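Structure, as structure tokens:
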């Protein structure tokens, strides 16, 4: 799979690359919610994050719209409780199911209408289920791959339109914080009622 710089591919980086810690931290946070649970990852990219989630999860289903990414994921992360599938977020009625945890890291900025993602998450989570959604701060990134980058107010408005219970964290390499100064990436954690 071609490394365009948009998909994080740890197997192609040196072990001490500073980006490794940043990406691993996000998935280690999500993994805290996954022990013994059924997990859906939306937009799994190269599959490394789904493999982290699968360490403690009962089962993980991960999808991406790139056939190349899913082939790479199958090849590099063959775990018994982990399934990779090619699919597009606009065709996901098949995922309306009872997922206890949903992870959608760095997906929101790649779709035109963020409400599509929120509706999918809302309809797919079990009561009491939790979802973790991340998106980069427009100030921190500005990628040509992104269709829309959310500022804090937009991100909070999107989460609150679908979920009554949520928190937003600022994730900078090495730290998660409620302090929104110097935001690198927003992480929203939502709970379904």
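The values are calculated or read from the model by the stated rules, or taken from the named source; none is laboratory data. Predicted, not measured: the structure shown is a model, and the values here were computed from it. All Cβ positions, even for glycine, are placed from backbone atoms using ideal geometry, and neighbour counts span all protein chains on display.
Below are the figures for this structure:
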read-out: Pairs where the first residue, in region 113-128, is in contact (Cβ under 8 Å) with a residue 40 or more places away in the chain and at positive phi and the second is surrounded by fewer than 15 Cβ atoms within 10 Å (Cβ to Cβ) and not in a helix (DSSP H, G or I), C-beta under 9 Å, 6+ apart; value: 128/193
read-out: Residue 57 being modelled with pLDDT of 95 or more, crowded, with 20+ Cβ neighbours inside 10 Å and assigned to a loop (DSSP other than H, G, I, E, B); value: yes
read-out: Members of region 129-139 found to be without any contact (Cβ under 8 Å) to a residue 60 or more places away in the chain and more than 18 Å from residue 60 (Cα to Cα), listed by number; value: 135, 136, 137, 138, 139
read-out: Given (1) touching a strand residue (DSSP E or B) at 6+ places or on another chain (Cβ under 7 Å); (2) at pLDDT below 90, index of the condition residue 191 fails; value: (2)
read-out: Search result, residues across region 179-193 that are over 19 Å from residue 164 (Cβ atoms) and surrounded by fewer than 19 Cβ atoms within 10 Å (Cβ to Cβ); value: 179, 180, 181, 182, 184
read-out: Long-range neighbours under 8 Å by Cβ, at least six apart or interchain, first residue within 22 Å of residue 117 (Cα to Cα) within region 65-78, second at pLDDT below 95 and in a helix (DSSP H, G or I); value: 65/89
read-out: Matching residues, region 90-115, being in contact with a strand residue (DSSP E or B) (Cβ under 7 Å, 6 or more places away or on another chain), assigned to a loop (DSSP other than H, G, I, E, B) and either within 17 Å of residue 156 (Cα to Cα) or modelled with pLDDT of 90 or more (or both); value: 106, 107
